[in-house]
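Student: There's a structure below that I have some questions on.
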Amino acid sequence: MSATQLELEPVVHASEDHIPASSTAPIGTLTLQPAISAEPTAPSKTRSFALVATLTCAAFLNTFNSGTLTVALPSIAKQLNLPENLLLWPASVYALGLSCTLLLLGAIADIVGNRPIFLLGSTLYTGCTLAISRSQTGTQLIVFRALQGISMSFCMPTAVSIITSTFPTGKPRNFAFAVFGGGSPLGFATGLVLGGVFVQVSGWRTAYYVAAGVNAATTVLAWFTLPKTTPVENIKHQFIHGFDWVGVASANVCLALLSYILAELTYSGSVLKKAHNIVLLIVAVSLIPFFIFWVGRQERLGRPAIISNSMWKKREFSTVCLSVFLVWAWFNAFAYWATLFFQVTQELTALGAALRFLPLVIMGVATNIVAGFVMDKVSAGKLMLVGGLLSCVSPLLFAVQGSEWTYWAAGFPAMCLGVVSTDLLFNVSNHVITASFPSKDQALAGGVFNTVSQLGNSVGPAVTALIASSVTHAEMGKKGVSEPHATLEGYRSAFWTCFALAAVSAAVSAVGLRNAGKVGMKKHM
């Protein structure tokens, strides 16, 4: 059947999603067999466009709110009397809520179906965004941001699963992932720019009113465009006997505690001197070997494991997970310190700093478009080596530039090159990770990707903040050193750290994916 002949809404069965009839593995059990046993038939061009647009809106809104918060935070803090020790928490709790529920919601979506989970998450996200716009205290803002992060964890894993279960491998899936990936940089930059405009014209609340309206429209669009799904048979039995509750719980608690500690470290390295933080860190670290032991035991006994230990023996899978962690760590930290450099060192307004990120958005969208064309023509190893080397230049330029340098000398080329490796890796990693999971666990696969990237988002700013603070403090102890000079040296140390992480990630990707081949090629069944 051709794409033009298929006009009816595709039906995707969560329990039979392209799985051989003989497959009896419970939900959450990962195997090393090929993940996709049959190719889905692509929907019509009109439905494909509408579906991808809906999923891209979710990715857009995920980062739009973060971009808005980045530029509007000083105004928000002043209006809501947010104390300095909680200044970073509106951003941190979003990542905390998102990262510690992705695996759980991904696994649940594989049982009950992608459509209801996505619709519920989009509805909750709309409500939380509207609630943020009506916040009257700093506590309310922080609580609603945390709930907003949890709501988005309903959408991101299911979006990946919907793409893999709807579009066949090759060009259709390549472009679906490329467009979906382009929503993130576009959303963040739009949030930065519109947030800066609204702060100066009508106030920060307007930006969240607009976001809530767009999110409501996206939810309505999703109702009409998302493929219908049928939950697995005997859901109660699957939740009791086919779900790795211990593995999910230990992973989520570990991620939540680590995210909390990292968020605290971003503000001040002295937090580890507090007894309760030390206890939480010990618990989080202890859960790592427990998780490895537990999923290994589950795998040996033939029981469901959220992520089996044997999965990490697959070089391509391990490589992309490590690369995603490193790239998202340095890139998120780079954006954070670049914003401070523009506003503190070069004394630009929030809007002026936001406008300097526009080349990053344009290049991000362009990179995703290029990725859609070349994923089936160029090997993943070569793509990541070239992209990684280009992006290494970005933090390097910021590390060596002085406060008097013009934007065109360093800032502009850095913004153009910094996003290349991130968006190429987004496309490569989604192909590799989803191909490593059986088709019945594609939402879980999406949860793995987003969990690793969110963990990188938390680690990068925390580590660079510790280094920058240490260097700044050391410089201030030197005779005759001014505070602006000491601050700039701290920023430079953060950028050098980002450069080191970027270089390591490029090497890891190039070596680990050297035999991965062209991951975007169509599979012939």
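The values are calculated or read from the model by the stated rules, or taken from the named source; none is laboratory data. This one's a predicted model, so the numbers in the text were calculated from it and none came from an experiment. Virtual Cβ from ideal backbone geometry, glycine too; neighbours counted across all protein chains shown. For accessibility, only protein heavy atoms count, side chains too; no ligands or nucleic acids. Shrake-Rupley method; radii C 1.70, N 1.55, O 1.52, S 1.80 Å.
Student: Starting from residues that are closer than 18 Å to VAL93 by Cα and hydroxyl-bearing (Ser, Thr, Tyr), keep the ones in the stretch 136-172 and report whichever is most open to solvent (accessible area, probe 1.4 Å).
Tutor: Across the stretch 136-172, the extreme among qualifying residues is THR139.
Student: Output the residues belonging to the stretch 223-248 that are within 17 Å of PHE154 (Cα to Cα) and either open to solvent by 30 Å² or more (accessible area, probe 1.4 Å) or not in a helix (DSSP H, G or I) (or both).
Tutor: TRP223, LEU226, PRO227, LYS228, THR229, PRO231 - these are the residues of the stretch 223-248 that are within 17 Å of PHE154 (Cα to Cα) and either open to solvent by 30 Å² or more (accessible area, probe 1.4 Å) or not in a helix (DSSP H, G or I) (or both).
Student: So which helices (runs of 4 or more DSSP H) are wholly in the stretch 410-519 and hold at least 3 residues that are under 30 Å from LEU257 (Cβ atoms) and either out of contact with any Leu (no Cβ under 6 Å at 6 or more places or on another chain) or touching a residue at least 24 places away in the same chain (Cβ under 8 Å) (or both)? Steps first, please.
Tutor: Details: elements: 412-418, 420-436, 442-476, 483-512.
In the stretch 410-519, the matching helices (runs of 4 or more DSSP H) lie at 420-436, 442-476, 483-512.
Student: Quick one: is ASN215 modelled with pLDDT under 85 and outside any loop (DSSP other than H, G, I, E, B)?
Tutor: Details: modelled with pLDDT under 85: no; outside any loop (DSSP other than H, G, I, E, B): yes.
It is false that ASN215 is modelled with pLDDT under 85 and outside any loop (DSSP other than H, G, I, E, B).
Student: Select from the stretch 467-482 the residues that are closer than 19 Å to ALA329 by Cβ and buried (at least 19 other Cβ atoms within 10 Å of the Cβ) and write down the one among them that is nearest to the chain's Cα centre (by Cα). First the steps, then the outcome.
Tutor: At the first step, the residues of the stretch 467-482 found to be closer than 19 Å to ALA329 by Cβ are 467-471.
Imposing the further condition that a residue be buried (at least 19 other Cβ atoms within 10 Å of the Cβ) reduces the set to 468-469, 471.
Details: ALA468: 24, SER469: 26, VAL471: 29 Å.
Applying the filter and picking the extreme gives ALA468.
Student: State the number of residues belonging to the stretch 88-135 that are outside any helix (DSSP H, G or I) and open to solvent by 10 Å² or more (accessible area, probe 1.4 Å). Working first, answer last.
Tutor: Taking the stretch 88-135 and keeping what is outside any helix (DSSP H, G or I), we get 88, 100-101, 113, 134-135.
So of that shortlist, the ones also open to solvent by 10 Å² or more (accessible area, probe 1.4 Å) come out as 88, 100-101, 134.
Looking only at that region, the number is 4.
Student: Sticking with this one: Identify, from the list ALA380, ALA443, the residue that is out of contact with any strand residue (DSSP E or B) (no Cβ under 8 Å at 6 or more places or on another chain), closer than 20 Å to VAL52 by Cα and at pLDDT below 85.
Tutor: Details: ALA380 fails: closer than 20 Å to VAL52 by Cα.
After ruling out the rest, the residue left standing is ALA443.
Student: Please work out which one of (1) of a type in the set (A, V, I, L, M); (2) within 21 Å of the chain's Cα centre (by Cα); (3) loosely packed, with under 15 Cβ neighbours inside 10 Å is the condition VAL201 fails and give its number.
Tutor: (2)
Student: Looking at ALA410, ALA399, which is the one that is at pLDDT 90 or above, in contact with a Lys or Arg (Cβ under 9 Å, 6 or more places away or on another chain) and either open to solvent by 40 Å² or more (accessible area, probe 1.4 Å) or farther than 27 Å from VAL93 by Cα (or both)?
Tutor: Numbers: ALA410 fails: in contact with a Lys or Arg (Cβ under 9 Å, 6 or more places away or on another chain).
Exactly one residue qualifies, and that residue is ALA399.
Student: Restricting attention to the stretch 278-301, does a residue exist that is closer than 24 Å to LEU444 by Cβ, charged (D, E, K, R), surrounded by fewer than 17 Cβ atoms within 10 Å (Cβ to Cβ) and in contact with a Gly (Cβ under 8 Å, 6 or more places away or on another chain)? Step through it out loud before you land on a result.
Tutor: Of all residues in the stretch 278-301, those closer than 24 Å to LEU444 by Cβ come to 284, 287-301.
From what is left, the residues that are charged (D, E, K, R) are 297, 299-300.
Now restrict to residues that are surrounded by fewer than 17 Cβ atoms within 10 Å (Cβ to Cβ): 297, 300.
Checking the rest, the ones that are also in contact with a Gly (Cβ under 8 Å, 6 or more places away or on another chain) come to none.
Within the stretch 278-301, not a single residue is closer than 24 Å to LEU444 by Cβ, charged (D, E, K, R), surrounded by fewer than 17 Cβ atoms within 10 Å (Cβ to Cβ) and in contact with a Gly (Cβ under 8 Å, 6 or more places away or on another chain).
Student: Consider VAL220 carefully, then state whether it is open to solvent by 10 Å² or more (accessible area, probe 1.4 Å), farther than 30 Å from HIS431 by Cβ and assigned to a helix (DSSP H, G or I).
Tutor: Values: open to solvent by 10 Å² or more (accessible area, probe 1.4 Å): yes; farther than 30 Å from HIS431 by Cβ: yes; assigned to a helix (DSSP H, G or I): yes.
Against the criterion (open to solvent by 10 Å² or more (accessible area, probe 1.4 Å), farther than 30 Å from HIS431 by Cβ and assigned to a helix (DSSP H, G or I)), VAL220 qualifies.
Student: Let me ask something else about it. Might you check whether a residue that is out of contact with any strand residue (DSSP E or B) (no Cβ under 8 Å at 6 or more places or on another chain), at pLDDT 80 or above, surrounded by fewer than 17 Cβ atoms within 10 Å (Cβ to Cβ) and basic (Lys, Arg) occurs anywhere in the stretch 47-69?
Tutor: No, the stretch 47-69 contains no residue that is out of contact with any strand residue (DSSP E or B) (no Cβ under 8 Å at 6 or more places or on another chain), at pLDDT 80 or above, surrounded by fewer than 17 Cβ atoms within 10 Å (Cβ to Cβ) and basic (Lys, Arg).
To keep it simple, each residue is scored yes or no on (1) among the charged types (D, E, K, R); (2) open to solvent by less than 60 Å² (accessible area, probe 1.4 Å); (3) not in a loop (DSSP other than H, G, I, E, B).
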site	(1), (2), (3)
TRP328	no, yes, yes
LEU348	no, yes, no
ALA353	no, yes, yes
VAL365	no, yes, yes
ILE369	no, no, yes
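Student: Being over 25 Å from GLN454 (Cα atoms), free of Cβ contacts under 8 Å to residues at least 24 places away in the same chain and not polar (S, T, N, Q) is the filter here; which residues of the stretch 303-351 pass it?
Tutor: GLU347, LEU348
Student: Restricting the search to the stretch 249-261, which residues are touching a Cys at 6+ places or on another chain (Cβ under 8 Å) and surrounded by fewer than 21 Cβ atoms within 10 Å (Cβ to Cβ)? Outline the logic, then answer.
Tutor: Initially, the stretch 249-261 is screened for residues touching a Cys at 6+ places or on another chain (Cβ under 8 Å), giving 252-253, 255-256, 259.
The answer is ASN252, VAL253, ALA256.
Student: Continuing with the same structure: Which residues, taken from the stretch 393-409, are under 13 Å from PHE341 (Cβ atoms) and assigned to a helix (DSSP H, G or I)?
Tutor: Step one: of the stretch 393-409, the residues under 13 Å from PHE341 (Cβ atoms) are 394-395, 397-405, 407.
If the condition is that a residue be under 13 Å from PHE341 (Cβ atoms) and assigned to a helix (DSSP H, G or I), then SER394, PRO395, LEU397, PHE398, ALA399, VAL400, TYR407 are the ones that fit.
Student: If you don't mind, another one. Kindly indicate whether ILE142 is touching a residue at least 12 places away in the same chain (Cβ under 8 Å), farther than 22 Å from LEU194 by Cβ and out of contact with any Leu (no Cβ under 9 Å at 6 or more places or on another chain).
Tutor: On the way: touching a residue at least 12 places away in the same chain (Cβ under 8 Å): yes; farther than 22 Å from LEU194 by Cβ: yes; out of contact with any Leu (no Cβ under 9 Å at 6 or more places or on another chain): no.
Taking the combined requirement at face value, the residue does not satisfy it.
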